[in-house]
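Student: First, the structure itself, so that you have it in front of you.
The values are calculated or read from the model by the stated rules, or taken from the named source; none is laboratory data. Note that this is a predicted model, so its numbers are computed, not measured. As a convention, Cβ positions derive from the backbone with ideal geometry for all residues, glycine included, and neighbour counts pool all protein chains shown.
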């Protein structure tokens, strides 16, 4: 995959969004949900030990970086004896360096991780269980969306404190919809409506939903469809891939048919589907919430965003989540550990600020706040929060999922039939899962 | 002996010079622009709204991009590496050129053989070795493993073979031991070769990219190549900052180069000595 | 070839020196060798063998479990259904294309530069230093700089070409332009290095040979063909060899300028190896890849040598 795209997308935001995001940033300091007593006094007690310096690593290289930096600066000025030093690198570099840095005793005290990397890094001894942190800070499942909260657990222990959720959403070009006689205020929400809309667009010579063969966001779309059709990626104990079963085949067939039925060109390049929506050539794209700022940036673009249409019968969407993690310290340092907790709690409570970077905050109380509801696009996608799915917390699961990427790629490029591609990929994934079980000693 | 250079010749020379200088100049100019201006199409030749912001990003102490610190790290690593290579390679090269001992041919052929093993073969195992030695993220990882390369020994041996024996024989008869002969007689006569090997080792280490990229990770411990790569990743499209980083990395090297260019070029010229 | 200034005068006497110097203890040679041999065993021999051992395992250095897999990692590289085969061979293709495309330019352009610099003209030392300068900047500075210069929409190269009515070219995002860009940048960066070595070779060709050729009525081109090129043969072999090796090791330019793109077309073998080993922590597979690449490389090197020898006879 193209590294630029992966890095930006994983970062949760398009780089193009940067300027627009910054513009909206000035008035943002009003909301202070952290003042609410419900979040407990773990963070309120603060830290009164000797001055410590905390290294904080993350991959927020896009437009979200400045938001996090602002939060860090705020924290530093309010906590004179803690100095948080934030280091940003692109996610690919970060995931390469963090494990070895930690194992050689030079890791940071606090870091951010995507939810699907938690299990792998927990198994690799890179990060510490956080149950005590959650307890000390009085963080409870009720404070967060269930699915997000649970995704931070591995083998019964908590490894991540959720910061945000970034779900897939349905972005549409209003002008094109009007051209095709569709109501831009009422985007299609069911399989029938969606099919009708695509046909209407086709009638005007518009290819309505470009199907990209790349993980971002073609594979993410197929995963969402698979869950909508009631399927799953892996079996109960995650020992076997089951995406080749009926729901998976239906999902990939539906997605591939976009090409076969002329709703998408063949060989869509990386991000070309999204760019085509911005340039008025493509009507619909399923993309991440980070896309909001990218679209806001595009002058003259009339667009809307809604939860994913329900194609398969069950509401479902793909999502990622950034979570705070505490990397293992080779030499335990009580002061650092305490200070790190105070910092995590602080930022977690300020996650409304963070939402402006184009994310859905993980904390319920922030999501329910009037200030968050005033961010219409984010709020629209936040309604999906209970329908979101994450990969199972199994170490090395990403290796197996890479095989699904290949299957989607082959199918969408019309090199293989969906059922065959999925079955082959599933067989390869089973081998990988087995090898990983051996490797991780599960 | 030959004709005087023609006008066409001069045009060629100057064009080539521009070809070298213009990209560098563009890098410097861009580092003073604002992000918006750096992405202007068509580009502006002179910064319309010159700003030192980008240099602030890469020069602030304690920031995440200590470019000068990286330059210092690079310089220290390359210097120590070159010194180590010169010491061990000249000693080994001398023994292989001038001494008779059991296993000499075997050892030399073995060393020579490894000259042809590409470096990437050692990447994974040496990384593990660094991990076990506790050398990851330290200067040692940059300085030491590379000094085991066969080139230096081979190069020094070839040179010592060409030094006349009489020099040392006289000294040995006078009762000097081998170490004294080596340090007082051989090495002073080997200055050009030592200088060449120093330059080549320094440059190789200075330019090394893959290895430091993976064995280093703390922001303040990186070398220039590793640090700049991280900088590019972290700033994606903020080109003024990226160009400022590159400029800060380039300027000290170029200044140093102005003073030592003669030795550098002579050193490189001699690297083909065994063509 | 190029003789040392100080050693040159002494070299003639070398023939007399047949055996080594005596007058040192039995252990002395080994003591002289010891420091190097220690490094050599620790960082060359040991790792070379240990790498083979690794390649027979599913080796993740941070996990306690490192299951033995026999030759599976190698077999996988030839099994299109495995997770490693496709990226590896795509990487090999990228490296192969880059090597084929770059080596000729990295030999011919420096040769031209060397011929240019071999003339006597005022400021020659200065220009020589200028042409060599890019090399000392290192790949990182060059990569960052050209990533910006080559940008499709706001890069100055496209703006410059636009003046002549040439439409925008996707130097980093379209093929074959991405390879053109990588080769050109590499030439910009390292031509000076090779040129200096060529120049030393040129200066080693005795002036008498040119004088003789001139007496025979040879023009400049004929002199170049019949005196310069044959005289440069050993240097050329040297340069081709080091350039071949350097090109096969291509990494930095592609990482910084094209990021392996478009698609994975410029993701070189070395990028695949480091990604597998250091990012996915599958060092066993990565080791297997590096040995396979090393074998391919030595085959290419042998063929090159054979070709060069043939031309000679």
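Student: Any chance you could count how many residues in the range C:247-268 are within 9 Å of the chain's Cα centre (by Cα) and more than 10 Å from chain B (Cβ to nearest Cβ)?
Tutor: The qualifying residues number 2.
Student: Taking the options B:105, B:126, name whichever one is assigned to a helix (DSSP H, G or I) and out of contact with any helix residue (DSSP H, G or I) (no Cβ under 7 Å at 6 or more places or on another chain).
Tutor: Within the list B:105, B:126, the selection yields B:105.
Student: Out of curiosity, is residue B:253 at pLDDT below 90, assigned to a helix (DSSP H, G or I) and at the interface with another protein chain (Cβ under 7 Å from one of its Cβ atoms)?
Tutor: yes
Student: Looking at residue A:438 and the list (1) over 28 Å from residue A:249 (Cβ atoms); (2) in a helix (DSSP H, G or I); (3) touching a residue at least 12 places away in the same chain (Cβ under 8 Å), which single condition is not satisfied?
Tutor: All conditions pass for residue A:438, except number (3).
Student: I would also like to ask the following. Looking only at the range B:202-227, count how many residues are within 7 Å of another protein chain (Cβ to nearest Cβ), surrounded by 24 or more Cβ atoms within 10 Å (Cβ to Cβ) and under 16 Å from the mean Cα position of the chain (by Cα).
Tutor: Result for the range B:202-227: 2.
Residue-by-condition table, conditions (1) in contact with a strand residue (DSSP E or B) (Cβ under 9 Å, 6 or more places away or on another chain); (2) at pLDDT below 90:
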| residue | (1), (2) |
| --- | --- |
| A:18 | no, yes |
| A:39 | yes, yes |
| A:75 | yes, no |
| A:88 | yes, yes |
| A:93 | no, yes |
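Student: Among what's in the range B:181-201 and is without any contact (Cβ under 8 Å) to a residue 40 or more places away in the chain and more than 7 Å from every other protein chain (Cβ to nearest Cβ), pick the residue that is surrounded by the most Cβ atoms within 10 Å (Cβ to Cβ).
Tutor: Ranking the candidates gives B:181 first.
Student: Please go through the range C:202-229 and give me each residue that is out of contact with any helix residue (DSSP H, G or I) (no Cβ under 9 Å at 6 or more places or on another chain) and either assigned to a helix (DSSP H, G or I) or buried (at least 16 other Cβ atoms within 10 Å of the Cβ) (or both), ordered by number.
Tutor: C:207, C:208, C:211, C:215, C:220, C:221, C:225
Student: Right, another one. Would you please name the residue that is surrounded by the most Cβ atoms within 10 Å (Cβ to Cβ), looking only at residues in the range B:144-180 that are touching a helix residue (DSSP H, G or I) at 6+ places or on another chain (Cβ under 6 Å), more than 24 Å from residue B:111 (Cα to Cα) and more than 8 Å from chain C (Cβ to nearest Cβ)?
Tutor: If we take residues in the range B:144-180 being touching a helix residue (DSSP H, G or I) at 6+ places or on another chain (Cβ under 6 Å), more than 24 Å from residue B:111 (Cα to Cα) and more than 8 Å from chain C (Cβ to nearest Cβ), then B:171 is surrounded by the most Cβ atoms within 10 Å (Cβ to Cβ).
Student: Regarding residue C:170, is this residue part of a loop (DSSP other than H, G, I, E, B), in contact (Cβ under 8 Å) with a residue 60 or more places away in the chain and more than 20 Å from residue B:254 (Cα to Cα)?
Tutor: Answer is yes for this residue.
Student: Sticking with this structure for a sec: Is it the case that the range B:4-27 has a residue that's more than 10 Å from every other protein chain (Cβ to nearest Cβ), crowded, with 16+ Cβ neighbours inside 10 Å and outside any helix (DSSP H, G or I)?
Tutor: No, that holds for no residue.
Student: State whether the residues of the range B:66-76 include one that is part of a loop (DSSP other than H, G, I, E, B) and either crowded, with 16+ Cβ neighbours inside 10 Å or over 24 Å from the mean Cα position of the chain (by Cα) (or both).
Tutor: Looking for residues that are part of a loop (DSSP other than H, G, I, E, B) and either crowded, with 16+ Cβ neighbours inside 10 Å or over 24 Å from the mean Cα position of the chain (by Cα) (or both), one finds at least one in the range B:66-76, hence yes.
Student: So, of the residues in the range A:85-108 that are buried (at least 24 other Cβ atoms within 10 Å of the Cβ) and more than 23 Å from the chain's Cα centre (by Cα), which turns out to be nearest to the other protein chains (Cβ to nearest Cβ)?
Tutor: So the residue we want is A:100.
Student: Quick one: is residue B:101 free of Cβ contacts under 8 Å to residues at least 60 places away in the same chain, more than 9 Å from every other protein chain (Cβ to nearest Cβ), farther than 25 Å from residue B:209 by Cα and surrounded by 17 or more Cβ atoms within 10 Å (Cβ to Cβ)? Give the steps one after another, and end with the answer.
Tutor: Numbers: free of Cβ contacts under 8 Å to residues at least 60 places away in the same chain: yes; more than 9 Å from every other protein chain (Cβ to nearest Cβ): no; farther than 25 Å from residue B:209 by Cα: yes; surrounded by 17 or more Cβ atoms within 10 Å (Cβ to Cβ): yes.
Answer is no for this residue.
Student: Inspect all residues belonging to the range C:186-201 and state whether any of them is surrounded by fewer than 15 Cβ atoms within 10 Å (Cβ to Cβ) and either within 10 Å of chain B (Cβ to nearest Cβ) or in a loop (DSSP other than H, G, I, E, B) (or both).
Tutor: no
Student: Moving on to the next point. Among the residues of the range C:24-57, write down those that are in contact (Cβ under 8 Å) with a residue 40 or more places away in the chain and either facing chain B (nearest Cβ under 7 Å) or closer than 20 Å to residue B:86 by Cβ (or both).
Tutor: C:51, C:54
Student: So, one more: Out of curiosity, is residue C:274 under 20 Å from the mean Cα position of the chain (by Cα) and facing chain B (nearest Cβ under 10 Å)?
Tutor: yes
Student: Restricting the search to the range C:278-310, which residues are within 14 Å of chain A (Cβ to nearest Cβ) and either in contact with a strand residue (DSSP E or B) (Cβ under 6 Å, 6 or more places away or on another chain) or assigned to a helix (DSSP H, G or I) (or both)?
Tutor: Restricting attention to the range C:278-310, the residues satisfying the condition of being within 14 Å of chain A (Cβ to nearest Cβ) are C:278-286.
The answer is C:278, C:279, C:283, C:284, C:285, C:286.
Student: Can you name every residue in the range A:290-334 that is crowded, with 16+ Cβ neighbours inside 10 Å and assigned to a helix (DSSP H, G or I)?
Tutor: Once the filter is applied, which keeps residues that are crowded, with 16+ Cβ neighbours inside 10 Å and assigned to a helix (DSSP H, G or I), the range A:290-334 yields A:291, A:292, A:293, A:294, A:295, A:296, A:297.
Student: Does residue A:410 meet the test of being modelled with pLDDT of 85 or more, within 14 Å of another protein chain (Cβ to nearest Cβ), in a helix (DSSP H, G or I) and under 16 Å from residue A:235 (Cβ atoms)?
Tutor: Here the answer is no, as residue A:410 does not meet what is asked.
Student: May I ask you to say which residue of C:124, C:128, C:147, C:93 is surrounded by fewer than 17 Cβ atoms within 10 Å (Cβ to Cβ) and within 11 Å of chain B (Cβ to nearest Cβ)? It would help to see each step written out before you state the result.
Tutor: Values: C:128 fails: surrounded by fewer than 17 Cβ atoms within 10 Å (Cβ to Cβ); C:147 fails: surrounded by fewer than 17 Cβ atoms within 10 Å (Cβ to Cβ); C:93 fails: within 11 Å of chain B (Cβ to nearest Cβ).
One residue alone meets the criteria, C:124.
Student: Does the range A:257-274 hold any residues that are under 22 Å from the mean Cα position of the chain (by Cα) and in a loop (DSSP other than H, G, I, E, B), and which are they?
Tutor: A:269, A:270, A:271
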